[in-house]
Amino acid sequence: MKKEQSWDSGDPLGEALHFLRMSGTFYCRSAFTAPWGLELPPMADCLWFHVITSGQCRLEVEGAAPCLMRPGDLALVPHGAGHSLRDEAGSAAPIIYDLHRDYISDRYETLQHGGGGAATNMICGAVQFDHPAAHSLIRMLPKIVHIEASMSPEMDWIQSTLRLIAAEAQQMRPGGETIITRLSDILVIQAIRSWIDRDAAARTGWLGALQDKQIGRAISLIHRDPAREWTLASLASEVAMSRSAFAARFTELVDEPAMHYAARWRMHVGMSWLKEEGAAVNEVAGRLGYQSEAAFSRAFKRIIGIAPGAVRRGADTANVIPIAIKSR
């Protein structure tokens, strides 16, 4: 039986960041001259990152204040929302599909666009996440995460990382896509770490619970061993709390009872295996400790809302309630 990686780091938030394993990285190096702009369409379950290497850029996402980016700045658009990039307010922003791009590989392209004025150069990427803990963390992020170079001590390594990405993308040697993906991981994770360090919202809800010594450890135990038949008593014992005190504190911090969370986590892990690995329903049932496929299927449909076989066949799961959002 395959299990999630297990360790006892004493850092539940760090473990959640560990699950930010990305796939489907797309990378574009762009050279713009003012006036310029482009629109990027919505992409479900996708996180965009944008880095300015020279010039400036106005990043606009519906429902968020516009973000002015300068050289060395890094911004994330975490929720797959459509957004626009332009040199200044009011500049025309055609959809990216209408602009000519040079395709270097399946995952890398270059773009030149604009009216011949002041230059802006930037690097953009789009990534996806497979693990349910990653989806939980990403859904907690605001519409834009902006890391300003002038306020970030990491500016030098961000620039070094971008140079490595550009070099790998241009040469596309064996293993180049893997290196680009890993370097993109580093950029995105560092941006999220910076947001967690400086934003009060990161100390509330699920993220805040991860940073609580006892409840964070309980969440880690559930994450590491989804097949175990956790009970309030067993979790409370693991974190040296009474059953009643543990139950009350877990619900207070996570906004969901511990047993509800454990059950939903188990099904989200199963859904990940069905979608990303193409595992058979009976295999997932066994890996999660169920004695029969039928018992697993009943539990899965009750919690997720659709049958596991439908997920395996590619059914839309966009409306499934994520782990980090309360279920009642």
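The values are calculated or read from the model by the stated rules, or taken from the named source; none is laboratory data. Predicted model, so just to flag it, every value in this text is computed and none were measured. Positions of Cβ are generated from backbone atoms using ideal geometry, with glycine treated the same way; all protein chains shown enter the neighbour counts. Surface areas here come from the heavy atoms of the whole protein model, side chains and all, with no ligands, DNA or RNA. Shrake-Rupley method; radii C 1.70, N 1.55, O 1.52, S 1.80 Å.
As a check on your grasp of the helix formula, calculate [θ] at 222 nm for the chain: sum -39500 (n - 2.57) over DSSP H runs of n ≥ 4, divide by the residue count, round to the nearest 500.
Numbers: 12 runs with 131 residues, N = 328.
So the helix-based figure for the chain works out to -12000 deg cm²/dmol.
Report the Cα-based extents of segment 210-279 along its three principal axes, largest first, to the nearest Å.
Rounded to whole Å, the extents work out to 40, 20, 18 Å.
Compute, for the chain, the length of the dipole vector about the Cα centre, with Cβ point charges of +1 (Lys, Arg) and -1 (Asp, Glu) only. Units Debye, rounded to 20. Numbers along the way, then the final one.
Working: 34 positive and 36 negative charges, 202 e Å.
For the chain, the charge dipole is close to 980 debye.
Output the peptides 136-143, 87-94 sorted from most to least packed, where packing is the average of other Cβ atoms within 10 Å over each peptide's residues.
My ranking of the peptides, most packed first, is 136-143, 87-94.
Hey, what does the equivalent ellipsoid look like for segment 19-199, semi-axes from the Cα gyration tensor as sqrt of 5 times each eigenvalue, largest first, whole Å?
Values: eigenvalues 101, 77, 54 Å².
Output for segment 19-199: semi-axes of 23, 20, 16 Å.
Along the positive direction of the dipole of the chain (beta-carbon charges: Lys, Arg +1; Asp, Glu -1; about the Cα centre), which of A299, M267, L162 reaches farthest?
Positive-most Cα among the choices belongs to A299.
Taking H as built 1.01 Å from N, whose amide H comes closer than 5 Å to the amide H of I104, not counting residues under 5 places away?
Here E109, T110 satisfy the definition.
Using the alpha-carbon atoms, what tilt in degrees (0 to 90, nearest 10) does helix 155-171 show relative to the longest principal axis of the chain?
The helix 155-171 is inclined about 80 degrees to the chain.
Only bridges with both residues in the chain count here: give the DSSP antiparallel percent, nearest 5. Don't skip to the answer; put the middle values down first.
Working: 39 of 47 bridges.
Around 85 percent of the beta bridges assigned by DSSP in the chain are antiparallel ones.
Given the options G82, G314, G14, state which has the largest fluctuation in a GNM of the chain using a 10 Å cut-off (strictly under) for Cα springs.
G314
What's the angle, to the nearest 10 degrees (0 to 90), between helix 243-254's Cα axis and the longest principal axis of the chain?
On a 0 to 90 degree scale, this one is about 20.
Using a 1.4 angstrom probe on the protein heavy atoms only, line up Y290, Y97 by accessible area, largest first. Numbers along the way, then the final one.
Working: Y290 60, Y97 145 Å².
Ranked list, largest accessible area first: Y97, Y290.
Taking the square root of 5 times each eigenvalue of the Cα gyration tensor, what semi-axes in Å does the equivalent ellipsoid of the chain have, largest first?
One finds semi-axes of 39, 22, 18 Å for the chain.
Grab the beta carbon distance between S105 and R163, set R0 = 22 Å, and tell me the FRET efficiency rounded to 0.05.
0.75
Where the only charges are on Cβ atoms (+1 Lys, Arg; -1 Asp, Glu), what is the dipole of segment 212-316 about its Cα centre, to the nearest 20 debye?
Numbers: 15 positive and 12 negative charges, 28 e Å.
With Lys and Arg at +1 and Asp and Glu at -1, about 140 debye.
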